[in-house]
């Protein structure tokens, strides 16, 4: 009986861990400052934070740092490699358009 209980407990822990892994997403955040011809970009990060809360958090971090900006977006992709490629493409594109890319060291608090 104890062996059965341990097996069930182990299964529950495994399933809970898989659900967390499935809920976590790779993202990075960007915020253009069109009048200044700048775009603020984070490095990719793994998070479970809701998109609205994450975008609001990045907006607030930029405001506290005195970085004027327009909208905030935190795109996601299928996996880390896809998100890194998306970010690199955004970086390359903005540089080609003459926009200064400003790296920002930020992640949602729960991702740190």
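The values are calculated or read from the model by the stated rules, or taken from the named source; none is laboratory data. From a predicted model like this one, the values you see are computed outputs, not experimental measurements. We place every Cβ from the backbone using ideal geometry, glycine too, and count neighbours over all the protein chains shown.
Residue by residue, here is whether (1) in a helix (DSSP H, G or I); (2) within 15 Å of the chain's Cα centre (by Cα); (3) at pLDDT 95 or above; (4) at positive phi holds:
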{"site": "5", "(1), (2), (3), (4)": "yes, no, no, no"}
{"site": "10", "(1), (2), (3), (4)": "yes, no, no, no"}
{"site": "13", "(1), (2), (3), (4)": "yes, no, no, no"}
{"site": "16", "(1), (2), (3), (4)": "yes, no, no, no"}
{"site": "19", "(1), (2), (3), (4)": "yes, no, no, no"}
{"site": "56", "(1), (2), (3), (4)": "yes, yes, yes, no"}
{"site": "68", "(1), (2), (3), (4)": "no, no, yes, no"}
{"site": "83", "(1), (2), (3), (4)": "yes, yes, yes, no"}
{"site": "93", "(1), (2), (3), (4)": "yes, no, yes, no"}
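Scanning the stretch 76-103 for residues that are in contact with a helix residue (DSSP H, G or I) (Cβ under 6 Å, 6 or more places away or on another chain) and either surrounded by fewer than 11 Cβ atoms within 10 Å (Cβ to Cβ) or under 22 Å from residue 23 (Cα atoms) (or both) yields one hit, 77.
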